[in-house]
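The values are calculated or read from the model by the stated rules, or taken from the named source; none is laboratory data. Not measured: the values here are computed from a predicted model. Quick reminder, even Gly has a Cβ in these numbers, built from the backbone with ideal geometry, and neighbours come from all protein chains shown. Ligands, DNA and RNA are stripped out before the accessible areas are found, and what is left, the full protein with its side chains, is counted by its heavy atoms. Shrake-Rupley method; radii C 1.70, N 1.55, O 1.52, S 1.80 Å.
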Amino acid sequence: MEKKNNWRAWLYLAPMLILMIVFIFYPLFNAFVISFYKDYQPLLNQRAAGITFTNYTFVWNNYFFKAALKNTFVLAFVSVPVSIVLSLLIAVALNSIPKVKAFFQTVFFLPYVTNGIAVGMAFAVIFNKNYGLFNAFLDWFGIEAYDWIGSTATWGRQITALMIFTIWDSLAFKILVFASGLTNIDKQYYDAAKIDAASRSTVFKRITVPLLSPLILYISITSMIGALKAYNSVIGLFGDKLGGKPRDMITIVAFVYQYRAQYANIGYYSYAAAAAVTLFLITLFFSALQAIVSRKRIHY
Amino acid sequence: MEIRMEKLTKIFISKDKKEVRAVDNVDLTIPTGKLIGLLGPSGCGKSTTLYLIAGLLRQTEGHIYFDEDEVSEMPPEKRGIGLVFQNYALYPHMTVRENILFPLQNLKVEKEEAKQRTYEMAELVGLQEMLDRKPKELSGGQQQRVAIARALVKKPRVLLLDEPLSNLDARLRLQTREEIKRIQRETGITTVFVTHDQEEAMSISDEIVVMKDGLIQQMGEPQDVYDFPTNLFVAKFLGNPQINVFDGEIKNKKIYIDDMIVSETKFPDQKIIIGIRPEGFNIDAEEKSQLVFDVNLVETIGRDTTLIIDMPGQEAGLLDKKSFKVIVDASYRIGSGHKVHFTVKPDKMHLFDLNGELLK
Ligand SMILES: Nc1ncnc2c1ncn2[C@@H]1O[C@H](COP(=O)(O)OP(=O)(O)O)[C@@H](O)[C@H]1O
Ligand SMILES: [Mg+2]
């Protein structure tokens with residue numbers, strides 16, 4: 001029986017499979033191959049002059065790649081955990097005020113349906129040194145006006161601004177997911193906890209978080225992957241200079257894009273490919289690590 | 001500890017804005033150290049009553065006292081109750097040990113003592129070997145016992161059980177109900193046991209409380225409630241097979257079903273409803289009685305023979321013909337189609353007015 005119907009399954013899957021092969025597997029494989037080409041310049045009609053590993057050593061020793069790695073890692077390993085904790089707290093708070101829940105869910109969902117680059121441009125205004133809301137806000141606490149995203153901004157201030165924007169931008173989706181996860185938790189656990197004299201913080205730590213842990217894992221893997229691919233947010237906030245000072249906020253994807261498209265519009269395809277493959281391996285490594293670590297912790 | 005409810009009322013507003021009086025003006029006293037079965041059909045307000053006692057729901061009106069203390073406004077964790085939920089509500093991510101320990105940790109019980117008490121509880125419910133398992137690695141009956149252990153470990157003054165056996169299969173249900181009885185005896189804790197299964201309530205309770213539509217119908221020892229139901233609902237709800245219900249009439253101090261005289265009575269002439277338990281019939285071997293039926297079907301199981309007889313006063317040939325059951329000793333050899341004369345045991349017959357209230 002099973003054997004007989006197999007071809008039908010393949011038939012139904014075929015459209016999706018073909019699309020995936022053309023747009024995902026083949027490019028992935030091709031990037032991998034190109035990353036080993038020597039002196040490959042397709043736009044100059046220059047074919048590969050052999051196989052080499054020097055593309056990788058060039059990329060890994062490149063000053064901007066190291067800067068990109070640092071920026072990307074800060075985004076992935078600082079802003080992602082912060083945004084998860086924040087969104088979890090907001091979702092729980094929303095859940096405990098059922099009457100206004102719908103209203104606030106709409107408010108928090110708005111950023112999600114707004115274009116990231118447009119929002120980034122709005123944030124660029126907020127972070128403006130002279131007339132931005134952010135400095136005006138800090139002024140209340142007697143903090144002097146800083147340059148956050150301009151040409152005199154330090155790396156620390158720029159990455160802070162970028163993280164604030166990234167966190168805000170990613171909050172909406174997470175809140176939505178957690179809020180729906182919360183409504184799926186059986187109310188009886190909370191009744192039981194009340195009877196068992198659990199305090200609010202105990203309920204959060206020992207019941208809500210563990211019961212949401214599969215969702216938290218899902219969200220942390222997907223948002224970490226998203227953060228490792230950060231690019232839009234930088235363009236939105238800093239424009240294509242990629243920083244207050246050019247390239248201060250460069251990310252791995254921005255690096256790939258530069259080497260693929262710039263340099264007299266000819267680009268260095270093999271460098272771009274080597275950086276892309278490196279990013280792929282980094283992403284794979286951290287996703288696998290997260291999955292393995294959490295498999296030990298999430299089991300019910 | 002005694003639980004006293006005074007004029008206790010809980011009104012829910014349903015989705016279509018209608019008032020549902022889930023618990024309606026209930027006056028009820030639950031005596032110290034007894035196991036009370038709260039019995040009634042689904043939706044009659046049993047769980048609501050239990051949650052009101054627990055403090056998980058707030059009464060619309062009325063008062064609840066634990067002994068002399070009024071607890072009506074007290075939050076659940078202050079009331080000192082243990083509650084076992086219908087589907088147990090064991091925390092799925094915690095082991096049995098952690099589940100039982102959880103209330104003690106919240107009450108800041110000293111560590112060594114908490115460990116000791118957890119173990120004692122596990123022993124009481126016979127799960128000391130299972131302490132490191134997760135709930136999903138246990139059978140339904142075992143999960144049930146963890147829930148009881150978790151409820152009892154903080155030494156509550158009252159144990160409340162919401163349909164604790166309804167998720168178990170038939171064999172386990174019998175076994176677990178004995179187990180609950182034993183635990184209640186050993187601890188002597190005042191216990192309220194909610195169920196919709198009359199047999200369960202009758203077999204395990206010191207006293208039963210029968211509820212319907214948020215109203216208490218009757219309270220008493222199981223056999224007393226069975227023998228002296230105060231209304232037709234209680235008479236019908238207790239007993240399996242159900243009590244047989246006939247339309248009847250009293251004329252000249254005689255009780256009639258159809259045109260047959262059943263017995264004599266002191267009540268005045270009126271139309272009535274007659275309830276006769278299946279075991280409430282004697283076969284009149286001398287064939288003198290006026291109560292005569294054609295036996296339709298005969299089922300003999302072990303000691304008992306069940307006679308299935310068409311309800312009198314129906315036209316023949318109807319598709320939805322009603323029948324009633326008579327249980328007699330298997331030593332009578334009766335076949336289907338036989339005409340049998342019956343007399344009725346007076347203490348197995350109950351007379352109700354047309355509203356279903358017992359004739360007094
Ligand atoms: N939270 C609620 N909101 C509205 N109606 C409810 C709620 N809880 C229970 N009810 C209603 O109250 C009545 C009694 O319910 P319940 O106490 O759960 O019955 P039981 O436990 O005897 O089956 C039912 O009619 C039910 O629909
Ligand atoms: Mg119920």
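All but one of (1) within 16 Å of ligand 1 (Cβ to nearest atom); (2) of a type in the set (A, V, I, L, M); (3) closer than 18 Å to B:P164 by Cα hold for B:L57; state the number of the condition that does not hold.
B:L57 satisfies every listed condition except (3).
Suppose the filter is hydrophobic (A, V, I, L, M, F, W, C) and closer than 14 Å to B:M349 by Cα; does B:I257 pass it? Break it down into steps so the answer makes sense when it comes.
Details: hydrophobic (A, V, I, L, M, F, W, C): yes; closer than 14 Å to B:M349 by Cα: yes.
Yes.
How do the strands (runs of 3 or more DSSP E) wholly within the range B:131-218 filter down when requiring 1 or more residues that are within 14 Å of chain A (Cβ to nearest Cβ) and away from ligand 1 (no atom under 16 Å from the Cβ): which remain?
Numbers: elements: B:158-162, B:190-195, B:207-212.
Per the criteria, B:158-162.
Hey, could you check the range B:9-34 for residues that are within 9 Å of ligand 1 (Cβ to nearest atom) and within 20 Å of B:V158 (Cβ to Cβ) and say which is farthest from the chain's Cα centre (by Cα)?
The selected residue is B:K10.
Go through the range A:109-168 and give me each residue that's polar (S, T, N, Q) and either crowded, with 16+ Cβ neighbours inside 10 Å or under 30 Å from A:L94 (Cβ atoms) (or both).
Initial filter on the range A:109-168 (polar (S, T, N, Q)): A:114-115, A:128, A:130, A:135, A:151-152, A:154, A:158, A:160, A:166.
Correct list: A:T114, A:N115, A:N128, A:N135, A:Q158, A:T160, A:T166.
Is it the case, given these coordinates, that B:D162 is assigned by TED's automatic domain parsing to the domain that holds B:G82 and surrounded by fewer than 20 Cβ atoms within 10 Å (Cβ to Cβ)? Steps first, answer last, please.
On the way: assigned by TED's automatic domain parsing to the domain that holds B:G82: yes; surrounded by fewer than 20 Cβ atoms within 10 Å (Cβ to Cβ): no.
Spelling it out, it is not the case that B:D162 is assigned by TED's automatic domain parsing to the domain that holds B:G82 and surrounded by fewer than 20 Cβ atoms within 10 Å (Cβ to Cβ).
Could you say whether any residue in the range B:165-176 is modelled with pLDDT of 90 or more, away from ligand 2 (no atom under 16 Å from the Cβ) and of a type in the set (D, E, K, R)?
There is no residue in the range B:165-176 that is modelled with pLDDT of 90 or more, away from ligand 2 (no atom under 16 Å from the Cβ) and of a type in the set (D, E, K, R).
Residue check, B:S72 against (1) more than 14 Å from chain A (Cβ to nearest Cβ); (2) touching a residue at least 60 places away in the same chain (Cβ under 8 Å), all met but one. Which one?
Going through the list (1) more than 14 Å from chain A (Cβ to nearest Cβ); (2) touching a residue at least 60 places away in the same chain (Cβ under 8 Å), B:S72 breaks only (2).
Those residues that are within 28 Å of the chain's Cα centre (by Cα), more than 10 Å from chain B (Cβ to nearest Cβ) and open to solvent by 20 Å² or more (accessible area, probe 1.4 Å), I need them from the range A:186-211; list them, please.
Of everything in the range A:186-211, those that are within 28 Å of the chain's Cα centre (by Cα), more than 10 Å from chain B (Cβ to nearest Cβ) and open to solvent by 20 Å² or more (accessible area, probe 1.4 Å) turn out to be A:F204, A:K205.
Return only the number of the condition from (1) open to solvent by less than 60 Å² (accessible area, probe 1.4 Å); (2) aliphatic (A, V, I, L, M); (3) more than 16 Å from ligand 2 (Cβ to nearest atom) that B:I13 does not satisfy.
Single failed check for B:I13: (1).
Hey, among B:L50, B:L107, which residue is assigned by TED's automatic domain parsing to the domain that holds B:V192, surrounded by fewer than 17 Cβ atoms within 10 Å (Cβ to Cβ) and of a type in the set (A, V, I, L, M)?
Working: B:L50 fails: surrounded by fewer than 17 Cβ atoms within 10 Å (Cβ to Cβ).
When all the criteria are applied, what remains is B:L107.
Give all pairs with beta carbons closer than 8 Å in which a residue from the range B:251-270 that is on the phi < 0 side of the Ramachandran plot meets a residue that is of a type in the set (G, A, S) and open to solvent by 40 Å² or more (accessible area, probe 1.4 Å); count only pairs at least 6 apart in sequence or on separate chains.
Final answer for the pair search is B:I257/B:G313.
With B:E6, B:E2, B:E77 as the choices, which residue is open to solvent by 30 Å² or more (accessible area, probe 1.4 Å), more than 12 Å from ligand 1 (Cβ to nearest atom) and within 14 Å of chain A (Cβ to nearest Cβ)?
On inspection, the qualifying residue turns out to be B:E77.
Please list, ordered by first then second residue, the pairs with beta carbon atoms under 8 Å, 6 or more apart or interchain, first in the range B:110-128 and in contact (Cβ under 8 Å) with a residue 24 or more places away in the chain and within 16 Å of B:T176 (Cα to Cα), second open to solvent by 30 Å² or more (accessible area, probe 1.4 Å) and hydrophobic (A, V, I, L, M, F, W, C).
B:A122/B:M130
So if I check each of B:D329, B:D353, which one is surrounded by 12 or more Cβ atoms within 10 Å (Cβ to Cβ) and acidic (D, E)?
B:D353
Might you let me know whether the range A:220-238 holds any residue that is closer than 30 Å to B:N99 by Cβ, away from chain B (no Cβ under 14 Å) and under 26 Å from the mean Cα position of the chain (by Cα)?
At the first step, the residues of the range A:220-238 found to be closer than 30 Å to B:N99 by Cβ are A:220-221.
Okay, now just the ones that are also away from chain B (no Cβ under 14 Å), so A:220-221.
Subset that is under 26 Å from the mean Cα position of the chain (by Cα): A:220-221.
Yes, the range A:220-238 contains at least one residue that is closer than 30 Å to B:N99 by Cβ, away from chain B (no Cβ under 14 Å) and under 26 Å from the mean Cα position of the chain (by Cα).
Output the strands (runs of 3 or more DSSP E) that fall wholly within the range B:297-360 and possess 2 or more residues being in contact with a helix residue (DSSP H, G or I) (Cβ under 9 Å, 6 or more places away or on another chain), or say none. Spell out how you get there, then give the answer.
On the way: elements: B:304-310, B:323-329, B:339-344, B:349-352.
Because the criterion is at least 2 residues that are in contact with a helix residue (DSSP H, G or I) (Cβ under 9 Å, 6 or more places away or on another chain), the strands (runs of 3 or more DSSP E) in the range B:297-360 that meet it are B:304-310, B:323-329, B:349-352.
Of everything in the range B:222-249 that's open to solvent by 50 Å² or more (accessible area, probe 1.4 Å) and at pLDDT below 95, which residue is nearest to the chain's Cα centre (by Cα)? Spell out how you get there, then give the answer.
Restricting attention to the range B:222-249, the residues satisfying the condition of being open to solvent by 50 Å² or more (accessible area, probe 1.4 Å) are B:223-224, B:228, B:230, B:236, B:240, B:242, B:247, B:249.
Still in the list and also at pLDDT below 95: B:240, B:242, B:247, B:249.
Values: B:N240: 12, B:Q242: 14, B:D247: 26, B:E249: 31 Å.
For the range B:222-249, the residue satisfying everything is B:N240.
Being aromatic (F, W, Y) and open to solvent by 80 Å² or more (accessible area, probe 1.4 Å), is that true of even one residue in the range B:88-96?
The first filter runs over the range B:88-96 and keeps only residues aromatic (F, W, Y), leaving B:88, B:91.
Those still in the list that are open to solvent by 80 Å² or more (accessible area, probe 1.4 Å) too: none.
No: zero hits.
Is it fair to say B:F293 is in a strand (DSSP E or B), touching a strand residue (DSSP E or B) at 6+ places or on another chain (Cβ under 8 Å) and aromatic (F, W, Y)?
Criteria met by B:F293.
Kindly provide the set of residues from the range B:55-98 that are within 16 Å of ligand 2 (Cβ to nearest atom) and at negative phi, ordered by number. Steps first, please.
Going through the range B:55-98, the residues within 16 Å of ligand 2 (Cβ to nearest atom) turn out to be B:56-57, B:83-89.
If the condition is that a residue be within 16 Å of ligand 2 (Cβ to nearest atom) and at negative phi, then B:L56, B:L57, B:L83, B:V84, B:F85, B:Q86, B:N87 are the ones that fit.
Residues being farther than 20 Å from B:V234 by Cβ and either more than 16 Å from the chain's Cα centre (by Cα) or away from every other protein chain (no Cβ under 14 Å) (or both): count how many of those fall in the range B:35-64.
14
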